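*Asks:* Quick one: the structure is below, and I'll ask about it shortly.
The values are calculated or read from the model by the stated rules, or taken from the named source; none is laboratory data. Everything numeric here is computed off the predicted structure, so don't read it as measured data. We place every Cβ from the backbone using ideal geometry, glycine too, and count neighbours over all the protein chains shown.
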Ligand SMILES: [Fe+2]
C-alpha cells in the first residue's frame, strides 16, 4: 500500500488534545446546578464510557481518563438501577496509568440476569457521562433484540448509523463485527467529495503502539460513537483493519517489511484493542468466545483473521487453493464444532468477519470462498449432527446480503431455492456504518446478482446502515436499515428489507414488514 509520506500536522498531537471545545459541548458533558448555564468542558473523561461482554451476572465497564501530568489516576466506579445513580448495587475503585494508556476496565460481577443498569466513573474531581447497560438473561427467554454492525471508516463520513442505533432503546446488545477503526493515513482511504474532510489522528498510517492508541482516542472523541457506547453494551470482534488490510496471523496485504516486524505490529494492534475496547481480558488475547442469552440464543463469536487463518491466495492463483486451507485454525475449529454440538439453545448465532456464502461470478479469496474445505467441514458438522437453527452474522464487505447457506447453490439437484431444500443455515451480512461498498453506478447490479445466485434473497451493494435482529423461539428476523446520507450529520434512515429464518427450516423467507420494537423499555442514559 502506498504510503502517505507527508506530515501535515504535528505528530505530537495526542488524541485527547484533538477534542475541540465545540465537540466537547456536543457531548452534553459536565453538570451544572444552574439551569441555563453552560456546563464546564470535560477535561478528564474525554473519550466517553462503554460497556460490553455481558453475562447473566456480569458486565465489563470501560472508560479512559486524561491525566494532566501523565501520572497514575485512581478511579471510582458506581453501578445503579436508576439513571440518577441513587439505587447503587455495586461500586469500587481502580487505578490506571500510562502503561495501559490510562484506560480503565472493570468486570462488575454479582449482577442480575436480564437487568438494565446505569453506571459512571469519578476521577480527578470529575464525573464521567452516565452509561446504560444490560446483562444477558438466563433461563426461559421469549424475545431478544440485537443490532449487527461493522466497518466505520472515519474518513468516509459521519457516523449517523451509530446515532440511530443509540436511539433504539429496546436493544439487548450491539454486535460489532470489526473494522471498528481503520489503519490508513489521510488521503489513503477517504471520500474526496466530503465538504469537510474528516481527517485522522495520527494523520499517517498507524503502525506503532502509540499510533494505534492515538487512533482509538481519535475515534472515541466522535460524539456519535460515544452516544452508542453510552446507551448499549457491545460484543466486539476485530476484522482486518484493527491491525492492517487483509491481515492473517503472519502478515497483511497492507504491511511492508520497511514498517518493521509484522509480529510487533500485530502485538501492538492487539494490545491497543484490549486496552480500548470493552472486551473481557484473557491471557491469550482471544476474541473467539461464547455468550449465552438464556435458553434462546448461544452467540458464538469467531476470529477468522488473526488466529488460525492461512494466507489468502491471490485471485486466479495457480496452482489452485490448497484444499486443506484453514480459516479458523485447528483449535478454534474444534472448539466451534464442540460449541455447536453441545449447544442446547433454540438458536446458534455465529458472529464472524467474512462472507460465508458463495458469491457466484467471482471468487474473493479473502472470504470463505477462498477456504472451501473449511466451509465444507462446518456444513458437514451441521448436517452430520442434525444441528438446526444456525444463523451466521457477517461484516467486512460493506454491503447488505441475506442468503441461504448450502453446499452448492448452483446445483439444482442439491438445493431448491424455492423451498430451501438443501440449505443448512442462513447468513445475514450487515452494511457498513460508513465504509464504501460498491460504486453507486453498480447499484442496479444487485438484481442481476440475485438472479445469478439463487441462494441470495436480499442484496444491496451501495447503502450504509445496520441490521436489527428480532429473535423469538419461532424465528430470527433480520431487518436492514439504511441511513439517508453520511456526507453530513443526518437523522434519516429507511427500512430496506426484512427476511426471516423460521425455526427448523434453515432457510430464508422474505417478510413484508419488520416486527414492532417493544415500547416497554428502560429510559436512556441522560445526556
Ligand atoms: Fe471494512
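*Asks:* Of all residues in the range 500-525, how many are under 28 Å from residue 158 (Cβ atoms) and crowded, with 16+ Cβ neighbours inside 10 Å?
*Replies:* Within the range 500-525, residues that are under 28 Å from residue 158 (Cβ atoms) and crowded, with 16+ Cβ neighbours inside 10 Å number 4.
*Asks:* I would also like to ask the following. I'd like to check something: does the range 516-523 contain any residue that is in a strand (DSSP E or B) and away from the ligand (no atom under 16 Å from the Cβ)?
*Replies:* no
*Asks:* If the requirement is being more than 16 Å from the ligand (Cβ to nearest atom), at pLDDT 95 or above and crowded, with 19+ Cβ neighbours inside 10 Å, which of these qualifies: 382, 340?
*Replies:* Of 382, 340, the one residue that is more than 16 Å from the ligand (Cβ to nearest atom), at pLDDT 95 or above and crowded, with 19+ Cβ neighbours inside 10 Å is 382.
*Asks:* Quick check on this structure: which one of 430, 472, 519, 485 is in contact with a helix residue (DSSP H, G or I) (Cβ under 8 Å, 6 or more places away or on another chain) and within 28 Å of residue 231 (Cα to Cα)?
*Replies:* Among 430, 472, 519, 485, only 485 is in contact with a helix residue (DSSP H, G or I) (Cβ under 8 Å, 6 or more places away or on another chain) and within 28 Å of residue 231 (Cα to Cα).
*Asks:* Name the one entry in 185, 178, 157 that is more than 19 Å from residue 482 (Cβ to Cβ), crowded, with 21+ Cβ neighbours inside 10 Å, within 14 Å of the ligand (Cβ to nearest atom) and in contact (Cβ under 8 Å) with a residue 40 or more places away in the chain.
*Replies:* On the way: 185 fails: within 14 Å of the ligand (Cβ to nearest atom); 157 fails: more than 19 Å from residue 482 (Cβ to Cβ).
Among 185, 178, 157, only 178 is more than 19 Å from residue 482 (Cβ to Cβ), crowded, with 21+ Cβ neighbours inside 10 Å, within 14 Å of the ligand (Cβ to nearest atom) and in contact (Cβ under 8 Å) with a residue 40 or more places away in the chain.
*Asks:* Scan the range 92-107 residue by residue and report those that are in contact (Cβ under 8 Å) with a residue 40 or more places away in the chain and either over 22 Å from the mean Cα position of the chain (by Cα) or assigned to a loop (DSSP other than H, G, I, E, B) (or both).
*Replies:* 100, 101
*Asks:* Quick one: which of 391, 467 is within 20 Å of the chain's Cα centre (by Cα), within 16 Å of the ligand (Cβ to nearest atom) and assigned to a strand (DSSP E or B)?
*Replies:* On the way: 391 fails: within 16 Å of the ligand (Cβ to nearest atom).
Among 391, 467, only 467 is within 20 Å of the chain's Cα centre (by Cα), within 16 Å of the ligand (Cβ to nearest atom) and assigned to a strand (DSSP E or B).
*Asks:* Could I ask something else about it? So, residue 122, is that one part of a loop (DSSP other than H, G, I, E, B), modelled with pLDDT of 95 or more and over 18 Å from the mean Cα position of the chain (by Cα) or not?
*Replies:* Considered against the rule, which asks whether it is part of a loop (DSSP other than H, G, I, E, B), modelled with pLDDT of 95 or more and over 18 Å from the mean Cα position of the chain (by Cα), residue 122 comes out as no.
*Asks:* Continuing with this model, one more query. Spot the failing condition for residue 234; the list is (1) assigned to a loop (DSSP other than H, G, I, E, B); (2) away from the ligand (no atom under 16 Å from the Cβ); (3) touching a residue at least 12 places away in the same chain (Cβ under 8 Å), and only one is missed.
*Replies:* Answer for residue 234: the failing condition is (1).
*Asks:* Let me ask you something else. In the list 224, 201, 211, which residue meets the criterion of being modelled with pLDDT of 95 or more, more than 16 Å from the ligand (Cβ to nearest atom), farther than 28 Å from residue 525 by Cα and in a helix (DSSP H, G or I)?
*Replies:* The conditions single out 211.
*Asks:* Identify the residue in the range 57-97 that is more than 18 Å from residue 42 (Cα to Cα) and in contact with a helix residue (DSSP H, G or I) (Cβ under 9 Å, 6 or more places away or on another chain) and, among all such residues, is surrounded by the most Cβ atoms within 10 Å (Cβ to Cβ). Break it down stepwise before answering.
*Replies:* The first filter runs over the range 57-97 and keeps only residues more than 18 Å from residue 42 (Cα to Cα), leaving 57-61, 71-72, 78-97.
Adding the requirement that they be in contact with a helix residue (DSSP H, G or I) (Cβ under 9 Å, 6 or more places away or on another chain) leaves 71-72.
Numbers: 71: 9, 72: 12.
Per the stated criteria, the residue is 72.
*Asks:* Take residue 194 and decide whether it is part of a loop (DSSP other than H, G, I, E, B), surrounded by fewer than 24 Cβ atoms within 10 Å (Cβ to Cβ), modelled with pLDDT under 95 and more than 15 Å from the ligand (Cβ to nearest atom). Even if it seems obvious, please write down each step before you answer.
*Replies:* Values: part of a loop (DSSP other than H, G, I, E, B): yes; surrounded by fewer than 24 Cβ atoms within 10 Å (Cβ to Cβ): yes; modelled with pLDDT under 95: yes; more than 15 Å from the ligand (Cβ to nearest atom): yes.
Yes: the conditions hold for residue 194.
*Asks:* Would you be able to say whether some residue in the range 306-320 is touching a residue at least 60 places away in the same chain (Cβ under 8 Å), under 30 Å from residue 113 (Cβ atoms) and part of a loop (DSSP other than H, G, I, E, B)? First the steps, then the outcome.
*Replies:* The initial filter retains those residues of the range 306-320 that are touching a residue at least 60 places away in the same chain (Cβ under 8 Å), namely 306, 309-312.
If we keep only those that are under 30 Å from residue 113 (Cβ atoms) as well, we get none.
No.
*Asks:* Which condition from (1) modelled with pLDDT under 95; (2) away from the ligand (no atom under 16 Å from the Cβ); (3) out of contact with any strand residue (DSSP E or B) (no Cβ under 9 Å at 6 or more places or on another chain) is the one that residue 438 breaks?
*Replies:* Answer for residue 438: the failing condition is (2).
*Asks:* Further, regarding this structure: Which residue is nearest to residue 330 (Cα to Cα), if the candidates are limited to the range 360-379 and must be under 23 Å from the mean Cα position of the chain (by Cα) and surrounded by fewer than 19 Cβ atoms within 10 Å (Cβ to Cβ)?
*Replies:* Here the answer is 365.
*Asks:* Using the structure shown, decide if residue 432 is crowded, with 21+ Cβ neighbours inside 10 Å, outside any loop (DSSP other than H, G, I, E, B) and at pLDDT 95 or above.
*Replies:* No; evaluated as a whole, the condition is false for this residue.
*Asks:* For residues that are free of Cβ contacts under 8 Å to residues at least 60 places away in the same chain and within 26 Å of residue 243 (Cβ to Cβ), scanning just the range 394-415, find the one that is nearest to the ligand (Cβ to nearest atom).
*Replies:* Applying the filter and picking the extreme gives 397.
*Asks:* Also: Return yes when residue 425 is within 16 Å of the ligand (Cβ to nearest atom) and crowded, with 19+ Cβ neighbours inside 10 Å and no when it is not.
*Replies:* Judged against the criteria, residue 425 is not a match.
*Asks:* Oh, and also: Taking the range 107-129, which residues are more than 19 Å from residue 271 (Cβ to Cβ) and in contact with a strand residue (DSSP E or B) (Cβ under 6 Å, 6 or more places away or on another chain)? Steps first, please.
*Replies:* Quick first cut of the range 107-129, residues more than 19 Å from residue 271 (Cβ to Cβ) only: 108-129.
Once the filter is applied, which keeps residues that are more than 19 Å from residue 271 (Cβ to Cβ) and in contact with a strand residue (DSSP E or B) (Cβ under 6 Å, 6 or more places away or on another chain), the range 107-129 yields 108, 116, 117, 118, 119, 120, 121, 122, 123, 127, 128, 129.
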